């Protein structure tokens, strides 16, 4: 759930005329090469070399670059050569301590705030909860995907943590076609018979979102997280579309980035649902901490 937040922050700083360099490891990619991505060169670089998340970030970054390298220090040096950025955003780097930082932001998933209170593999924690004290700002996500009220979650978080907190939803932002040449309103999904598929950490949440948007999900297939799609798998999905006489194939942004661009361009009626973060409460905490560090 960190990629939408990094995208939000990049847009936030771009809005203040800041050049941004995003440093990310490119989880799941099949290359160790250091890559520099932007909106212009993105389509010339194969998805298997970049991973999905860097592609989403580069696609939406208006003023900056995305550096893909597990070695963030090496990546930062490339960014300095390529862009001379005003600031760096390190994606998924709370445990990566080679680079000093001005602000540490930790996300908590409202559907499982404390990661079962156990370290991997028994739970979801990479390090003990006591290490949250290193965070400057806590960012709670997915409020709209839990049965608990905002008041309950606030009480749970704020009795345990002293840092300022932001609370947010992951909300559908719009629909684009496979080639990103046409944008549709969310209302276009209403009543549509769709074949949906997703290879993300919580694929059923995607199905739930589609149903909340009044789509008729007649067939849904889950894949492993970060799965790179084969032509045969997509042909099978197209066969389901014919079988159910569905209107669309639809998937997530992350999944669309893991389809070979040549194949993706040939998929008629493939649509992509875009997701964005929307702050529910606490935005003043964001401005306050960035102001205090001289970042805006």
* Asked: Between residue 162 and residue 98, what is the FRET efficiency for a Förster distance of 22 Å, r being their Cβ-Cβ separation, to the nearest 0.05?
  -> 0.25
* Average Cα contact separation per residue, the stretch 173-276, under 8 Å, 6 or more apart, as relative contact order % -> 37
* To do: Counting other beta carbons within 10 Å of each Cβ, put 195, 263 in order, fewest first.
  => 263, 195
* Asked: What is the stretch 173-276 by shape, rounded, prolate or oblate, if you read a ≥ b ≥ c off the alpha carbon gyration tensor as root eigenvalues and call it rounded for a/c under 1.5, prolate for a/b larger than b/c, and oblate otherwise?
  -> rounded
* Bridge type composition, the chain - antiparallel percent by DSSP, nearest 5 -> 35
* Structure fact -> Per its Cα gyration tensor (rounded if a/c is under 1.5, else prolate when a/b beats b/c, else oblate), the stretch 247-296 is best filed as prolate
* Relative to the first principal axis of the alpha-carbon coordinates of the chain, what is the inclination of helix 283-292, with its axis defined by its Cα atoms, in degrees from 0 to 90 and to the nearest 10? -> 50
* Structure fact -> residue 31 and residue 202 label points (each 7 Å along its Cα→Cβ direction) are spaced in nm at 3.2
* To do: Take the Cα radius of gyration of the stretch 126-166 and divide it by 2.2 N^0.38 Å, with N its residue count; two decimals is plenty.
  => 1.22
* To the nearest 10 degrees, how steeply does helix 3-14 sit against the main Cα axis of the chain, on a 0 to 90 scale? -> 60
* **Three-way shape call for the stretch 84-154 based on the alpha-carbon gyration tensor, with the a/c threshold at 1.5** => oblate
* **Highest-MSF residue in the chain out of 257, 53, 233 [GNM, Cα springs under 10 Å]** => 233
* Treat the count of other C-beta atoms within 10 Å as a stand-in for reagent exposure and order 251, 146, 209 from fewest to most. => 146, 209, 251
* Would you calculate the separation in nanometres between label points at residue 225 and residue 49, each defined as 7 Å from the Cα along the Cα-to-beta-carbon direction? => 2.6
* Asked: Relative to the longest principal axis of the chain, what angle (0 to 90°, nearest 10) does the C-alpha long axis of helix 72-82 take?
  -> 80
* At 0.36 nm per residue, minus the direct Cα-Cα distance, what do residue 236 and residue 276 gain on full extension? Give it in nm, one decimal, please. => 11.4 nm
* Structure fact -> residue 268 and residue 14 label points (each 7 Å along its Cα→Cβ direction) are spaced in nm at 3.3
* Structure fact -> Cβ density ranking, 10 Å radius, fewest first, applied to 76, 292 yields 292, 76
* Structure fact -> Residue span residue 86 to residue 283: 0.36 nm per residue of separation minus Cα-Cα distance leaves a gain in nm of 68.7 nm
* Mind sorting out which of [x] 61, 53, 37; [y] 56, 47, 37; [z] 73, 46, 36 is the real Cα extents along the principal axes in Å computed from the coordinates? => [y]
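Bear in mind these aren't lab numbers, they're just calculated from the coordinates by the rules spelled out. Because the structure is a prediction, the values reported are computed rather than measured. Here the Cβ is made from the backbone with ideal geometry for all residues, glycine too, and neighbour counts use every protein chain on show.
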